[in-house]
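Q: There's a structure below that I have some questions on.
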Amino acid sequence: MRIPIVAGNWKMNGSASFANEMCQQINAFAADLDVEVVLSPPSVYLAQVQLAAENYSTAAQNVHFAAAGAYTGEVSTAMLRDVGCGYVLIGHSERRAMFAEIQEVLAKKLAAAVEAKLLPILCVGETLEQRQQGQAFAVVKQQLLSAISGLDITADQIVVAYEPIWAIGTGETASPEQAQEMHSYIRTVLAEQISVAMAAKTRILYGGSVNAETASQLFSQPDIDGGLVGGASLKIEDFKNICSAAASQ
Ligand code: 13P
């Protein structure tokens, strides 16, 4: 009942020619796939990747919450919509940690995205230290609630991505059981905060060292609705295999 999403977050990687190759390959590959494939290139390539899109969507890696103005280096939700972009990553742990994106800012970004009818992929996840101290669930709940409280959203207005920080770029994937446990918990929090119906319909993606080998087992968990893929999304064959794994669940 929930159509899975596989989103490739290129982070600050790629080139115009890589983007071109990826677009062609994914257009051909994803034609009959029961998965929403999303490509998230660096912003400078976003319009190019979106213009070529036939069988995938695009996600921006960041957005500003203001409508327009003197914000050097930023892009607005309207600009993303203008080039046809449908999704935006919000609260990726790299932006929280390296670009000082505090929760108040993320809540504003989320509200701006919803208002502009851009589908936010809200990223949440704990550090290794927080997990070891038994705080993983409390941290994720807090991140989730601080972003969505005050918003009256439906399941087609948000996607959540659980990305444990200790699993990002480390080669250490969360086990399917660990991921499932957190995904189920996120659904419970959404049910309490918004509604049971909304929680049941919301797509919750897993991210953190997803690769062609681990994807199947992760995606077969009942509350995992696809993945947010970093490193493996830069390898076209691996990315296709990950998309296929989501389609075959
Ligand atoms: P990796 O797949 O490289 O671990 O990155 C995950 C991620 O941060 C996706 O947003």
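The values are calculated or read from the model by the stated rules, or taken from the named source; none is laboratory data. Remember, it's a predicted structure, so these values are computed and weren't measured experimentally. Here the Cβ is made from the backbone with ideal geometry for all residues, glycine too, and neighbour counts use every protein chain on show. To get the accessible areas, we keep the full protein, side chains included, count just its heavy atoms, and leave off ligands, DNA and RNA. Shrake-Rupley method; radii C 1.70, N 1.55, O 1.52, S 1.80 Å.
Q: I'm told residue 165 meets every condition in (1) without any contact (Cβ under 8 Å) to a residue 40 or more places away in the chain; (2) open to solvent by 50 Å² or more (accessible area, probe 1.4 Å) except one. Can you identify the failing condition by its number?
A: Only one criterion in (1) without any contact (Cβ under 8 Å) to a residue 40 or more places away in the chain; (2) open to solvent by 50 Å² or more (accessible area, probe 1.4 Å) is unmet by residue 165, namely (1).
Q: Answer yes or no: is there a residue in the range 17-25 that is assigned to a strand (DSSP E or B) and under 19 Å from the mean Cα position of the chain (by Cα). Explain how you work it out, then say what you get.
A: Restricting attention to the range 17-25, the residues satisfying the condition of being assigned to a strand (DSSP E or B) are none.
The answer is no; no qualifying residue exists.
Q: Still on this structure: Residues of the range 192-212 being open to solvent by 30 Å² or more (accessible area, probe 1.4 Å) and more than 26 Å from residue 233 (Cα to Cα), which ones?
A: Of everything in the range 192-212, those that are open to solvent by 30 Å² or more (accessible area, probe 1.4 Å) and more than 26 Å from residue 233 (Cα to Cα) turn out to be 192, 193, 194, 195, 196, 197, 200.
Q: Residues being away from the ligand (no atom under 11 Å from the Cβ) and either basic (Lys, Arg) or open to solvent by 40 Å² or more (accessible area, probe 1.4 Å) (or both): count how many of those fall in the range 236-249. Before you say what the answer is, go through the steps one by one.
A: Looking only at the range 236-249, we keep the residues that are away from the ligand (no atom under 11 Å from the Cβ), and these are 236-237, 240-241, 243-249.
Still in the list and also either basic (Lys, Arg) or open to solvent by 40 Å² or more (accessible area, probe 1.4 Å) (or both): 237, 240-241, 244, 248-249.
Residues that pass the stated criteria total 6.
Q: Turning to a different aspect of this structure: Report yes if residue 81 is within 18 Å of residue 159 (Cβ to Cβ), free of Cβ contacts under 8 Å to residues at least 24 places away in the same chain and not in a strand (DSSP E or B), otherwise no. Steps first, please.
A: Working: within 18 Å of residue 159 (Cβ to Cβ): yes; free of Cβ contacts under 8 Å to residues at least 24 places away in the same chain: no; not in a strand (DSSP E or B): yes.
No, not satisfied.
Q: Could you pull out the residue among 156, 225, 152 that is open to solvent by 50 Å² or more (accessible area, probe 1.4 Å) and under 18 Å from the mean Cα position of the chain (by Cα)? So that I can check it myself, show each step before the final result.
A: Numbers: 225 fails: open to solvent by 50 Å² or more (accessible area, probe 1.4 Å); 152 fails: under 18 Å from the mean Cα position of the chain (by Cα).
Only one candidate passes the filter, namely 156.
Q: Out of (1) surrounded by fewer than 20 Cβ atoms within 10 Å (Cβ to Cβ); (2) in contact with a helix residue (DSSP H, G or I) (Cβ under 7 Å, 6 or more places away or on another chain), the odd one out for residue 125 is which?
A: That leaves (1) as the condition not met.
Q: Quick one: which residue in 196, 189, 159 is of a type outside the set (Lys, Arg), in contact with a Lys or Arg (Cβ under 7 Å, 6 or more places away or on another chain) and more than 16 Å from the ligand (Cβ to nearest atom)? Even if it seems obvious, please write down each step before you answer.
A: Working: 196 fails: in contact with a Lys or Arg (Cβ under 7 Å, 6 or more places away or on another chain); 159 fails: more than 16 Å from the ligand (Cβ to nearest atom).
So the residue among 196, 189, 159 that is of a type outside the set (Lys, Arg), in contact with a Lys or Arg (Cβ under 7 Å, 6 or more places away or on another chain) and more than 16 Å from the ligand (Cβ to nearest atom) is 189.
Q: Of 114, 139, which residue is more than 21 Å from residue 197 (Cβ to Cβ) and more than 16 Å from the ligand (Cβ to nearest atom)?
A: 139
Q: Would you confirm whether or not the range 16-35 contains a residue that is within 15 Å of the ligand (Cβ to nearest atom), in contact with a helix residue (DSSP H, G or I) (Cβ under 8 Å, 6 or more places away or on another chain), under 25 Å from residue 73 (Cα atoms) and at pLDDT 95 or above? If you could, list the steps in order and put the result at the bottom.
A: Keep residues of the range 16-35 that are within 15 Å of the ligand (Cβ to nearest atom), which gives none.
Checking the range 16-35: not a single residue is within 15 Å of the ligand (Cβ to nearest atom), in contact with a helix residue (DSSP H, G or I) (Cβ under 8 Å, 6 or more places away or on another chain), under 25 Å from residue 73 (Cα atoms) and at pLDDT 95 or above.
Q: On the given criteria, is residue 233 touching a residue at least 12 places away in the same chain (Cβ under 8 Å), within 15 Å of residue 37 (Cα to Cα) and within 16 Å of the ligand (Cβ to nearest atom)? Steps first, please.
A: On the way: touching a residue at least 12 places away in the same chain (Cβ under 8 Å): yes; within 15 Å of residue 37 (Cα to Cα): yes; within 16 Å of the ligand (Cβ to nearest atom): yes.
Yes.
Q: How many of the residues making up the range 1-15 are away from the ligand (no atom under 16 Å from the Cβ), open to solvent by less than 50 Å² (accessible area, probe 1.4 Å) and among the hydrophobic types (A, V, I, L, M, F, W, C)?
A: Total satisfying the criteria: 0.
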